[in-house]
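Asker: Dropping a structure here in structure tokens format, bear with me for questions.
All of the numbers you see were taken from the coordinates with simple rules; none came from a lab. Source: prediction; values computed, not measured. Neighbour counts run over all protein chains shown; Cβ positions are idealised from the backbone, glycine included.
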Amino acid sequence: MYSCRVCLLVVSLIVSVLTFGQFRSLPMPTAQRDTVKREIKIWTVDDIYGIADTVVIDTLVTSYQDNQPINNYSIANSWNGNLGSPLESKIYFDRKISSREDMFERAYAPYLIKPSDVRYYDTKQPFSQMVYRSAFPVQNEEDYFKIMLTMNANKHVNVGGLCNLIYGRGQYQYQSSNMLNGGFWTTYTGKRYEIVSSVMFNSFKNRENGGIVDNRYITDPQSIIGASSIQARNIPVNMFNSQSAYRNFNYFFNHRYKIGRDVERHIKIDSLSTDTLFIDSTYIEYEPIMTFTHTFHAEDVVRKYVDESMPGGFYDNNFFSDTYTKDSTAYWTIANTFAVTLEEKFNRLMRFGLSAYVKYDIRHYGMGIKNREDTLRFDNSYSHNLIFGANLFKREGKWVKYDVDGRIYLVGPHIGEFDLDGRFDFDFNVGREPLSIMAAAGFRNYSEYYQYRYYESNHFRWSDLDFDNSLALDVKGRIGLPKRDISVGVQFQNITNYVYLNEKCMPTQYGGNVQVLAVDVLAKLRAWRFHLDVQAVYQLTGNKDVLPLPDVALYGNFYYKDKFFKVLTIQLGASVRYHTAYYGNAYMPALGQFYLQKDLLIGNYPEMNVYANFHLKTVRFFIQYYHLNKGLFGGTNYLSMPNYPINPGTFQFGLSWNF
């Protein structure tokens, strides 16, 4: 790890030198140097039409200490407390499922960089960002390092690269995590022709300790060791020589050709050199009316599980070997998509746009089982799929916007499966108060993961599970007061033929209907320089036996915030996370999946942190004491999930520099 840090430091220095070298290579008159401001445009694109969606640059000042993958994912999560480890949100509608082809992807969703997650840039000056976070004590520290650099070769072409590294030693035995992801991207933005392209890699390696051997080491240590507490490193665990690995590599290329016309625009600009307030100005803008799009996407995924210790009694079955496990699964796909779009300006009478696409892909699934000498089993499966989709939209305008999207499988094992989604956004004023309303609904017919129907490994295997297709109806809405930072949302889902992992971690289908209703409130309240940020979620599940969820989850952040010397912003505060008790899912290392358990209640425990944030120009840094209340108040049930406690109290610090 030391050599890795040295390499990262060298890379960081090189990036800094290159960046400042770029600044120095762009001379300008002295009088202009203090007036030129950095202009940066950032956007993401969808993986079908290549439509740009503008995003903001990461310059978060408030609550910067929470700006890490776990906290950004959800306010309540099941995990082992170590950054880079598998995770499942306890908030049902926060669970991210980008595809139903790779079941192992779900546990790494907060960290993965997929094509739709890549941020593309257009900047007049090179832009870089470095982030470093860590924790004490040193022997158990958790390092998070990020470096990003992007620059324009000219006004049309941008290139950039990103690298994220997480290395967590873990507070408990045999729990280390190692994540490395990132990649490169390039864009070309011309008058009629546009390109976005990216190559991204995601690599995870996790030591699997199977959790602590007895939850009473956390909930009631007196009954086991005769003392009120025990050091985390001294708690025995179930496994000591097991490791899982997950790798996701994806390549994305999207290019668009726009047919349109030149339109003369009129604007008024401030006058700095005349006595008039404004000067009329005109410029020519190219207005597309039809767009042709082609997208190529390739993805390669491998998941491995190796166990050289084979602890007796942890797994119910050893199908191929009693002394050694090396399971591997593979999935890859290659897809081509062709789309045509009639832009909103194509129709002057009724302002809406219309798109349609055809997508063809080939998918491969492989599974392998090895002992110490030979490959015992390897299976391959291929499928070909043809998908047709269409989109009706209105994305321009001041008051109303909408987007209706649908797709259906025409050829392949998923034939007849479909998705239909619609969303409407309304923005208007009630008196002088801005009001925003969002309403959306969806209906889908889908089959579950390929691995849910067929899977073979040393400890788990099933084949030809004949599940009926699932039907899901989604309805959601949100109403907000943007000026006051207050919003209320409601989400509802009804699932027919719900598939889940039962207490034996085996796929099972519930033939009836399962409903989930969630109501959430987001509020940022302020009195003088004191602030209270609140996020509260109420969940109601129609069948807790197959889909258990905590009834209430809360996040509160109370802080004092002020600016000193006109440049230094300071935030001092305390945050707390809490959810009610429920039979939370357990974690299975051999599968990397979360499954039902009905033996232990999880929750009813507050997790409290105190922190100080500082922001000085382009530098942000923080210090935080995590899990302050351990041993002080709130009880002792600080389990994130059965046999996996959250980390004990630790000092954390971090900084970010944009330059």
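Asker: Is there a quick way to get the dipole size of the stretch 127-257? I mean about its Cα centre, with the Cβ of Lys and Arg at +1 and of Asp and Glu at -1; what is the value in debye to the nearest 20?
Answerer: On the way: 12 positive and 7 negative charges, 135 e Å.
Taking the Cα centre of the stretch 127-257 as origin, the dipole is about 640 debye.
Asker: Would you work out the charge dipole size for the chain about its Cα centre, treating the Cβ of every Lys and Arg as +1 and the Cβ of every Asp and Glu as -1, and quote it to the nearest 20 debye? List each step's numbers first, then the result.
Answerer: Details: 68 positive and 65 negative charges, 410 e Å.
Around 1980 debye, computed over the chain.
Asker: Could you tally the net charge around Leu616, taking each other residue with its Cβ under 14 Å from the Cβ of Leu616, Lys/Arg +1 and Asp/Glu -1? Let's see the in-between values first.
Answerer: Working: positive: Lys563, Lys566, Lys617, Arg620; negative: Asp562.
Residues near Leu616 contribute +3 overall.
Asker: Check cross-link reach from Lys205 to the lysines: straight Cα distance under 26 Å, and skip same-chain residues fewer than eight apart.
Answerer: Once the sequence-local lysines are set aside, what remains near Lys205 is Lys90, Lys96, Lys114, Lys146, Lys304, Lys326, Lys370, Lys504.
Asker: Using the alpha-carbon atoms, what tilt in degrees (0 to 90, nearest 10) does helix 2-24 show relative to the longest principal axis of the chain?
Answerer: Roughly 0 degrees between the two axes.
Asker: Only Lys, Arg, Asp and Glu count, each charged at its Cβ (+1, +1, -1, -1), so figure out the dipole size of the stretch 360-424 about its Cα centre, rounded to 20 debye. Could you put the intermediate results ahead of the total?
Answerer: Values: 10 positive and 10 negative charges, 61 e Å.
Computed about the Cα centre, the dipole is about 300 debye.
Asker: Still on this structure: Starting at the first residue of the stretch 174-185, write each ³J(HN,Hα) from the Karplus equation 6.51 cos²θ - 1.76 cosθ + 1.60 with θ = phi - 60°, in whole Hz, x for Gly and Pro.
Answerer: So the J values, rounded to whole Hz, are 6, 10, 5, 10, 9, 10, 9, 8, x, x, 9, 8.
Asker: Further question on the same structure: Give a residue-ordered list of calculated ³J(HN,Hα) values for the stretch 217-231 (Karplus: 6.51 cos²θ - 1.76 cosθ + 1.60, θ = phi - 60°; whole Hz; x for Gly, Pro).
Answerer: Each residue of the stretch 217-231 in turn: 4, 9, 7, 8, x, 4, 6, 10, 10, x, 9, 7, 7, 8, 5 Hz.
Asker: Then there's this: Using the Karplus curve 6.51 cos²θ - 1.76 cosθ + 1.60 with θ = phi - 60°, work out ³J(HN,Hα) for each residue of the stretch 428-445 in order, rounded to whole Hz, and write x for Gly and Pro.
Answerer: Along the stretch 428-445, the couplings run 7, 10, 10, x, 9, 9, x, 9, 10, 10, 10, 9, 8, 8, x, 9, 9, 10 Hz.
Asker: Is the shape of the stretch 297-452 best called rounded, prolate or oblate, per the rule: a/c under 1.5 gives rounded, else a/b larger than b/c gives prolate, else oblate, with a ≥ b ≥ c the square roots of the Cα gyration tensor eigenvalues?
Answerer: Numbers: a/c = 3.87, a/b = 2.22, b/c = 1.74.
Judged from the Cα gyration tensor, the stretch 297-452 comes out prolate (a/c at least 1.5, a/b above b/c).
Asker: Putting +1 on Lys and Arg Cβ atoms and -1 on Asp and Glu Cβ atoms, find which of Val552, Asn238, Leu572 reaches farthest to the positive end of the dipole of the chain.
Answerer: Of the options given, the answer is Leu572.
Asker: Hey, what number do you get for the chain at 222 nm if only DSSP H runs of n ≥ 4 count, each worth -39500 (n - 2.57), divided across all residues, to the nearest 500? Mind showing how you got there, number by number?
Answerer: Details: 6 runs with 44 residues, N = 659.
That calculation yields -1500 deg cm²/dmol at 222 nm.
Asker: I want the local charge near Ala553. Using Cβ-Cβ distances under 11 Å, sum +1 for each Lys or Arg and -1 for each Asp or Glu among the other residues. List each step's numbers first, then the result.
Answerer: Details: positive: Lys90, Arg577; negative: Asp94, Asp520, Asp551.
Surrounding charge for Ala553 is -1.
Asker: Using Cα pairs under 8 angstrom and six or more residues apart, how large is the relative contact order of the chain, in percent?
Answerer: Numbers: 1681 pairs, mean separation 71.0, N = 659.
Over the chain, the number comes to 11 percent.
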